[in-house]
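> Attaching a single structure in structure tokens format; questions to follow.
The values are calculated or read from the model by the stated rules, or taken from the named source; none is laboratory data. Values in this document were obtained by computation on a predicted structure and should not be read as measured data. Cβ: placed from backbone, ideal geometry, glycine included. Neighbour counts: every protein chain shown. Only protein heavy atoms, including side chains, enter the accessible area calculation; ligands, DNA and RNA are left aside. Shrake-Rupley method; radii C 1.70, N 1.55, O 1.52, S 1.80 Å.
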Amino acid sequence: SSRAPARPAAPRASAGDASPSVDYFATDKRPVILFDGVCNLCNGGVNFALDMDPPGKLRFAALQSTAGRALLRRAGRDPDDISSIVLVEEDAAFVKSDAVLRIATYFSANPLFPFAGTLGPVVPGFIRDAFYDAVADNRYELLGIKDECRLGDDRFDDRFVQ
């Protein structure tokens, strides 16, 4: 399965990481989507998610950012692993196609997305993840990369975790 239990404790900074220990859910319980900040396909996905989530139920952080690395650790993943989108909720984490389907359940701009997110697990995970991996493994070739990581957007300051 692509679901990984999140550690309930706040993430701890490693010896090689200058960031202090931060609990990104202490004052804001909204889930965080971790995305590849230099990937044009991924940044397009963030723009789409911002459009589909007008009430702001979701937050975002680049996988390469300090917050992204800490949240990867919290989700039990290698902080250098940028191979998959990750949705980190307060008590759970989802990767690959499970993350995409779970994210869809938060979209309120179109009622088909929450419905698809709920029914999507009917398709076996290994099939969904094979398709996900084919796209993810070729994402830079499909739409290219940015010179620098997207860390935020002035219009949505409260939605990007720094």
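> Quick check on my filter: what residues within the stretch 109-125 are outside any helix (DSSP H, G or I) and either in contact with a Gly (Cβ under 9 Å, 6 or more places away or on another chain) or open to solvent by less than 60 Å² (accessible area, probe 1.4 Å) (or both)?
Passing the criteria: Ala109, Asn110, Pro124.
> Further, regarding this structure: Would you please name the residue that is surrounded by the most Cβ atoms within 10 Å (Cβ to Cβ), looking only at residues in the stretch 37-56 that are among the aliphatic types (A, V, I, L, M) and within 12 Å of the chain's Cα centre (by Cα)?
Val46
> Looking at the stretch 5-59, which of its residues are closer than 24 Å to Val123 by Cβ and modelled with pLDDT under 50?
Pro5
> Across the stretch 126-147, what is the total count of residues that are assigned to a loop (DSSP other than H, G, I, E, B) and either of a type in the set (Val, Ile, Thr) or surrounded by 10 or more Cβ atoms within 10 Å (Cβ to Cβ) (or both)?
The qualifying residues number 4.
> Collect the residues in the stretch 57-106 that are under 16 Å from Val22 (Cβ atoms) and open to solvent by 50 Å² or more (accessible area, probe 1.4 Å), keeping them in residue-number order.
Selection gives Thr66, Arg69, Glu90.
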